[in-house]
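Notes for the one structure printed next.
The values are calculated or read from the model by the stated rules, or taken from the named source; none is laboratory data. Keep in mind it's a predicted model, so treat the numbers as computed, not measured. FYI the Cβ positions are ideal-geometry reconstructions off the backbone, even for glycines, and counts take in every protein chain you see. The area values use the complete protein model at the heavy-atom level, side chains included, leaving out ligands, DNA and RNA. Shrake-Rupley method; radii C 1.70, N 1.55, O 1.52, S 1.80 Å.
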Amino acid sequence: MDERLKAYDEKMRKTVEYLASDYATIRAGRANPHVLDKIKVNYYGTPTPIQQVGNITVPEARMIQIAPWEKSLIKEIEKAIMASDVGITPSNDGSIIRLVFPELTEERRKDLVKEVKKKGEDGKVAVRNIRRDGNDAFKKLAKEDVSEDQIKQLGDELQKMTDKFIKEIDKLIDEKSKEILKV
């Protein structure tokens, strides 16, 4: 691959990876510990990821258990979960916090699919913006004694790359939508 294309390939790849990690935080009826990825707990005055203050397990299909390393953190973890957009009220028995995921309603599933499609479209726009930046950069190469054929070839390669990543995004949208709609 041409050195001039590598930077754009990397940016597009990171866009797709970000979208995939963002989709992991969308709950699809089953308990997925990744819904807690963005939650930070106040740990002695420092915002700390929830995974670093306790053990997170999924004992049942629709339940997540959090066993904090220190019992004194239970209130802080509950407060962080309540303040987040997970939409689940935690319950605790003094040593373990449980999050029980209710069955998603048909309407909520459709709303989540809309959200997935919107995020996917945003990802596609980001990939296309990277393509535009690349094409603009390639046009400036004409001033540096690069032939028009080489510039056209770079543009064609960039378009193929764009098409490949757009296809990956479509696949991610499709997979996540099916996962959400599956009852």
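Each row is one residue, and each column tells you yes or no for (1) at pLDDT below 85; (2) farther than 23 Å from Asp22 by Cβ; (3) within 22 Å of the chain's Cα centre (by Cα).
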residue: Lys40; (1), (2), (3): no, no, yes
residue: Tyr43; (1), (2), (3): no, yes, no
residue: Pro47; (1), (2), (3): no, no, yes
residue: Gly54; (1), (2), (3): no, yes, no
residue: Thr57; (1), (2), (3): no, yes, yes
residue: Met63; (1), (2), (3): no, yes, yes
residue: Trp69; (1), (2), (3): no, yes, no
residue: Ile88; (1), (2), (3): yes, no, yes
residue: Leu104; (1), (2), (3): yes, no, yes
Expected output for segment 140-162 (first residue open to solvent by 70 Å² or more (accessible area, probe 1.4 Å), partner in a helix (DSSP H, G or I), Cβ below 8 Å, 6+ apart or cross-chain) is Glu148/Ala142; Gln150/Leu141; Glu157/Leu5
Hey, can you tell me all the residues within segment 63-112 that are part of a loop (DSSP other than H, G, I, E, B), in contact with a Gly (Cβ under 8 Å, 6 or more places away or on another chain) and buried (at least 18 other Cβ atoms within 10 Å of the Cβ)?
-> Phe101, Leu104
